[in-house]
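Working notes, structure below.
Taken together, the values in this text are just the output of simple stated rules run on the coordinates, not laboratory data. Everything quoted here is computed from the prediction, not taken from an experiment. Quick reminder, even Gly has a Cβ in these numbers, built from the backbone with ideal geometry, and neighbours come from all protein chains shown.
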């Protein structure tokens with residue numbers, strides 16, 4: 001089994017980075033904590049007096065880039081699921097919701113939709129116009 005040289009234990013808002021020692025694989029896998037990564041600030045803090053070597057730094061930089069790309073893709077997917085949820089909500093209101101259930105969710109849903117609409121209109125108005133349209 002090929003082991004990675006580094007393991008990233010996800011935590012808010014980043015990860016704890018371990019250097020993996022698989023030399024003694026038949027006996028026990030050793031993982032030495034080497035750094036703490038904060039995705040929000042971009043800070044990488046060595047742990048326990050460790051000095052990061054170029055391999056550590058490259059692995060951390062690659063992981064950060066992957067996390068950023070993944071977050072962007074997840075963000076778009078979250079919005080697609082939100083659109084789907086709004087469609088399901090409209091169908092539920094039209095076909096199955098009782099008057100009491102509608103009263104329970106109407107204000108919060110209408111406020112959220114108003115906020116979203118206002119934000120979309122503002123952002124689209126501020127965006128540079130595409131010449132192809």
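Taking a ≥ b ≥ c as the square roots of the eigenvalues of the Cα gyration tensor of the range 1-97, is the shape rounded (a/c under 1.5), prolate (a/b larger than b/c) or oblate?
It is prolate, given that a/c is not under 1.5 and a/b is the larger ratio.
Would you mind ranking 34, 51, 20 by Cβ crowding within 10 Å, fewest neighbours first?
With the fewest neighbours first, 34, 51, 20 line up as 51, 20, 34.
Neighbour counts of other C-beta atoms within 10 Å: give me 31, 113 arranged from fewest to most.
Working: 31 16, 113 12.
Exposure proxy ranking, most exposed first: 113, 31.
Could you tell me the distance between the Cα centroids of the range 66-133 and the range 3-20, to the nearest Å?
Measuring centre to centre over Cα atoms gives 34 Å.
By how many degrees, 0 to 90 and rounded to 10, does the Cα axis of helix 54-95 deviate from the longest principal axis of the chain?
20
Only helical DSSP H runs with n ≥ 4 go in: add -39500 (n - 2.57) per run for the chain, normalise by residue count and round the 222 nm mean residue ellipticity to 500 deg cm²/dmol.
-19500 deg cm²/dmol
Can you give me the angle between helix 99-126 and the longest principal axis of the chain, using Cα atoms only, in degrees from 0 to 90, rounded to the nearest 10?
70
Going by C-beta contacts inside 10 Å, put 60, 76 in order with the fewest on the left.
With the fewest neighbours first, 60, 76 line up as 76, 60.
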